[in-house]
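The block underneath contains the structure these notes are about, expressed in structure tokens.
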Amino acid sequence: MMTLWTVLLFFTVFLNLWTMLNSLSLYPLEKRQGDASRHSVSLLVPLRNEAANVKGLTESLKRLTYDNLEVILLDDHSDDDTYDLLVSCTGNDTRFRIIQGNDLPEGWNGKVHACHQLSEQASGDYLLFLDADARVAPDVIERTMATMEKHGAAMVSGFPRYPNFHFLSHMLVPLQHMIVLLHLPLFVANRTTKPMFTAACGIFLMVEKQAYQAIGGHQSVKGSLVEDVHIARQIKKYGYRMILVNITGSVLSYMYDSSAETWAGFKKNIFTGIGRSTVMAVGLSVFYTAVFLLPAFLAVTVLFGAPVYYLLPYLLTVAFKMYTDVKTGHPLWLSFCLPVAIVLLIAILFASMAVHKRGESYQWKGRSYL
């Protein structure tokens, strides 16, 4: 047991040092610059059955201070009040245009097709793709433009802050930040055009239109369930620079409305996100068990007479998660629940893999995806 404790102590110390060092390469959004509005921007939002989000979304977008802006909202065959609410909530604001999506062609992912249609309607020099559950700070476009110009980037993405109100969302959604800081060497990802070192989040994705068209736009990833990552890889493959930034101070996302929706959303994306690799799924599960669950097991043994210092590896995993949550604006109490979150993550990873292995389809918003 002492040897296990020593090994876990080494790994959990390394975990904290690596995360702190890696986070230094996660760029912040730059301060706005006075001449930022010289480029035109098209803000593009696909919506499917998003009636609950329309009011909050449009109120947020109306507060944007970027002058050279058009906002195009696409209703993707919603069977709720999304379209009518879009019309009533945008009112007489001439920056807004509402379009209705075409039927989904064979071989296309629904969101990808919606984004493709939006891009065809866009006139801006830059395209900013947002999800309907996003809420943004008034100066987010100015700051994003300044960041792109400073770093010579053709594309910027980032993971927002997630206000969560359901158990499963609390456990799983903030792990996205943790996983990026843990697995992606940001010094390499943000300084090279190597596609393998890439992460992106479709909730907030801004790209120079010329680069977007050069890679074939969303049509180049038309069947993807993780189109954000695949678009980012295409950008790098064509030699453009793509960077990941910390947007948690300027963008938040009400990602899932319930625990059931959280489960369905993660099950659709998680196995696909690792390339549908069984080896990767098993390897990650073993790694997470060793690094996050074994320290929790050791901590429990203290209740049965083990030395108090057996708590240290678990407390170091808490410190690791707490550092990530401080950086990304999430509640600190989540850090103590990390073992629970990891068990749920492994369970949903295997549930997602099982759908693929059985040849079944993933279900999301009334559509099926293989």
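The values are calculated or read from the model by the stated rules, or taken from the named source; none is laboratory data. Just so we're clear, the structure is a prediction, and the values are computed from it rather than from any experiment. Don't worry about glycine lacking a Cβ; one is built from the backbone with ideal geometry, like all the others, and counts go over all protein chains shown. For the accessible areas, the whole protein counts, side chains as well, though only heavy atoms, and no ligand, DNA or RNA atoms are used. Shrake-Rupley method; radii C 1.70, N 1.55, O 1.52, S 1.80 Å.
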Practice problem: Let me have the relative contact order for region 2-133, percent, based on Cα pairs under 8 Å that are six or more residues apart. | Solution: 34 percent
Quiz item: Tell me, what is the percent relative contact order of region 289-370, built from C-alpha pairs under 8 Å that lie six or more residues apart?
Solution: 21 percent
Practice problem: Would you mind counting up the charge near Ala354? Only other residues with Cβ under 14 Å from its Cβ, with Lys and Arg at +1 and Asp and Glu at -1. | Solution: +4
Quiz prompt | Charge dipole (debye, nearest 20) of the chain; +1 at Cβ of Lys and Arg, -1 at Cβ of Asp and Glu | solution = 1200 debye
Exercise. Rank-order 166-176, 21-31, 126-136 by packing density, defined as the average count of other C-beta atoms within 10 Å over each peptide's residues, highest first.
Key: 126-136, 166-176, 21-31
Exercise. Quick one: which residues, 5+ away or cross-chain, put their amide H under 5 Å from the amide H of Cys201? H built at 1.01 Å from N.
Key: Gly158
Quiz item: Which angle between 0 and 90 degrees, to the nearest 10, do you get for helix 140-151 versus the longest principal axis of the chain when only C-alpha atoms count?
Solution: 70 degrees
Self-check item: J(HN,Hα) series, region 312-325, from Karplus relation 6.51 cos²θ - 1.76 cosθ + 1.60, nearest Hz, glycine and proline x
Solution: 4, x, 5, 5, 6, 5, 4, 4, 4, 5, 5, 4, 4, 5
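What is region 238-330's relative contact order, in percent, from Cα pairs under 8 angstrom and six or more apart in sequence?
Relative contact order for region 238-330 comes out at 26 percent.
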Quiz item: Rounded to the nearest 500 deg cm²/dmol, what is the calculated helix-only ellipticity per residue at 222 nm for the chain, with -39500 (n - 2.57) per DSSP H run of length n ≥ 4?
Solution: -14500 deg cm²/dmol
Self-check item: Exceeding the 19 Å Cα-Cα cut-off - candidates Lys55/Lys327; Lys268/Lys365; Lys111/Lys267; Lys194/Lys237
Solution: Lys55/Lys327
Practice problem: Specify the angular offset, from 0 to 90 degrees and rounded to the nearest 10, of the alpha carbon long axis of helix 227-237 from the longest principal axis of the alpha carbons in the chain. | Solution: 80 degrees
Self-check item: Principal-axis tilt of helix 338-357 within the chain, Cα atoms, nearest 10 degrees
Solution: 60 degrees
Exercise. Report, to the nearest whole %, how much of the accessible area of region 191-344 belongs to carbon and sulfur atoms, 1.4 Å probe, protein only.
Key: 67 percent
Quiz prompt | Average accessible area per residue (Å²) across the chain - probe 1.4 Å, nucleic acids and ligands excluded | solution = 42 Å²
Quiz item: If you wrap the chain's Cα atoms in a convex hull and average its projection over all directions, what's the area in nm²?
Solution: 18.4 nm²
Exercise. Kindly write out, for region 95-108 in residue order, the coupling ³J(HN,Hα) from the Karplus curve 6.51 cos²θ - 1.76 cosθ + 1.60 (θ = phi - 60°), rounded to whole Hz, with x marking Gly and Pro.
Key: 6, 9, 9, 10, 10, 10, x, 7, 4, 6, x, 4, x, 9
Quiz item: So for the chain, taking the charge dipole from beta-carbon charges (+1 Lys/Arg, -1 Asp/Glu), which of Tyr310, Ala211, Thr192 sits furthest toward the positive end?
Solution: Tyr310
